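Nothing in this text is a laboratory measurement; each read-out follows from the coordinates by a stated rule. From a predicted model like this one, the values you see are computed outputs, not experimental measurements. When we count neighbours, we look across all protein chains shown, and the Cβ atoms used for this are built from the backbone with ideal geometry, even at glycine.
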């Protein structure tokens, strides 16, 4: 198996955190988004990981070399922004006869048993992983009949299906899939100038290829600040990891403090992750993500995301308040 990971998106919805770093290197739940994804893929023992990158590709390579040095990785730069299907097609020279493929987009951390792929795909040509959602109008959905996908609808007005596509795809015949990608691009089948995978899959279905839409257990969106915080809460739930230095502080579970981080004279939690190199002093922080090498002093933070190498300092207050007083401090 070869795994294709398109990581060239600019992550505009996560700005300012993605102005200077690849969006898959933002921290959540104690690890980068990319580390969560690669850890879930490791069980497959893939022959090759093919990263489709942009100008931040060096960051991805440095991270993989440091965190997963034994994995066989290749890096291809997407020079032109022509959409996700075009990005996947750039991997075509690396795909040989007999290769099956897993395509994983990095906006999403998935929870799914990938060891079930051979059984799930025994009588089909591929799997387009899905998740049933209530707000189906926001997504591309798979329409299933008789166990197989018969149509795909982008942001439907009516509930033709609630099975949203989650950005995880398995193809049993890699070269065949690449041929269909090539045909779609040659035909100029674009939406607003970009190539998308549903057009490719519908060509394949029209020619008799069969796809199933298995549901993943959890779909953890990391594409926006608010969903990144939701994912942080999900990943920390039931986990309380204190690897750093905790001095005279109160921690309300769950909290993740990475090795090399220091928390002093503070109250943290619930749902706080602190990356390596960060120092928290005399602060109260809840429901927040603190990236690496950041310093926070004399602050009260909630629902916050701090990037790498941030210095955030408040000021302590001295008060002399009499009986029956009401003090409201906002901002």
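Just a few scattered comments:
- Packing, taken as the mean count of other beta carbons within 10 Å per residue, orders the peptides 201-209, 218-226 from highest to lowest as 218-226, 201-209.
- Legend: ranking of residues 157, 107 from fewest to most surrounding C-beta atoms inside 10 Å; resulting order 157, 107.
- Taking the longest Cα principal axis of the chain as reference, the axis of helix 225-236 is set at about 80 degrees.
- C-alpha long axis of helix 197-206 to longest principal axis of the chain, angle in °: 30
- Enclosed volume per residue, in Å³, of the convex hull spanned by Cα atoms of the range 237-313: 60
- For 158, 108, order by how many other beta-carbon atoms lie within 10 Å, fewest first: 158, 108
- Calculated [θ] (222 nm, deg cm²/dmol) that DSSP helices of n ≥ 4 give over the chain, each run adding -39,500 (n - 2.57): -5500 deg cm²/dmol
- Protection proxy ranking, highest mean first, for peptides 289-297, 93-101: 289-297, 93-101, where packing is the per-residue count of other beta-carbon atoms within 10 Å, averaged.
- Rg/Rh for the range 131-207 stands at 0.98; both radii use Cα atoms, and Rh follows the Kirkwood definition.
- Among 37, 185, 52, sorting on how many other beta-carbon atoms sit within 10 Å of each Cβ, with the fewest leading, yields 185, 37, 52.
- In degrees, nearest ten, helix 174-186 long axis to first principal axis of the chain (Cα): 90
- Beta-bridge orientation, the chain: approximately 35 percent antiparallel, per DSSP, counting only bridges with both partners inside.
- Shape call, the range 1-135: gyration tensor on alpha carbons, a/c limit 1.5: rounded
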